[in-house]
C-alpha cells in the first residue's frame, strides 16, 4: 500500500517538518496547527477551523466513510477538542485500522506525529467513532472521538444525474 510521509511532503514543498519525538516546540522550529498541516500534506484546499472542513467539503470534494490513503479524516468537536481535528490517512492496515499523520495532537503540541494508529470503534464499522494511539501509555487512548468521515482529494461529482452524449445524426435520416 502507498504510504505518505511528512519527510516526503517536506521535500516536495521545501520546508522542514518534525516527527513526534519532541513534545515541546523550540523557538527555531515550526509550530504546526492540524488544519495548516492537513491542507499542505493532503493538497485539499480548505481553510478554517477543523470542525468546518466537513461542511466546506460538501459539493466541492468527494466525501465518505471509508479510508483512502491521502484522505483527510475529520473529527467532530468533542470535550477539550472544541474546534475538531483533521488528520491525513498515511496508511490503511485493515478495514478498521489505519495510520494517520497529523499535527498538534494531545501531548505533541505544535508537532507533527507520523503514522499514528487510529482504530474504528463504531458499531457499524463506518468510522463515525475512533480511538487514537496515545504514546504516553503505549496503547490506544481511552477516549472515543466522534468523526464526520473522510474528505478525498477528488472534486465532487456534479449532481443532477448522468449526462449522456448521443451520436450525431445526419439530416434526412430517421
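Below, the figures for the structure above:
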item: Label-point separation in nm, residue 117 to residue 94, each point 7 Å along Cα→Cβ; result: 1.0
item: Segment 31-155 - Debye-derived log10 I(q)/I(0), Cα point model, q = 0.10, 0.18, 0.21 Å⁻¹; result: -0.25, -0.88, -1.26
item: Computed lengthening from residue 139 to residue 156, 0.36 nm per intervening residue step minus Cα-Cα distance; result: 2.5 nm
item: Length added when fully stretched, residue 82-residue 58, from 0.36 nm per residue minus Cα-Cα; result: 6.5 nm
item: Residue 36 paired with residue 69, simple spin-label distance in nm, labels 7 Å along Cα-to-beta-carbon; result: 2.8
item: Proxy reagent accessibility, fewest Cβ within 10 Å first, across 93, 73, 140; result: 93, 140, 73
item: Per-residue Cβ neighbour rank within 10 angstrom, fewest leading, 114, 45, 29; result: 45, 29, 114
item: Sorted by Cβ density within 10 Å, fewest first, the residues 65, 102; result: 65, 102
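The numbers here are math on the coordinates, done by the rules we state, and not lab data. All figures in this text were calculated on a predicted structure; none of them were measured in a lab. Reconstructed Cβ throughout: ideal geometry from the backbone, glycine too, with neighbour counts over all protein chains shown.
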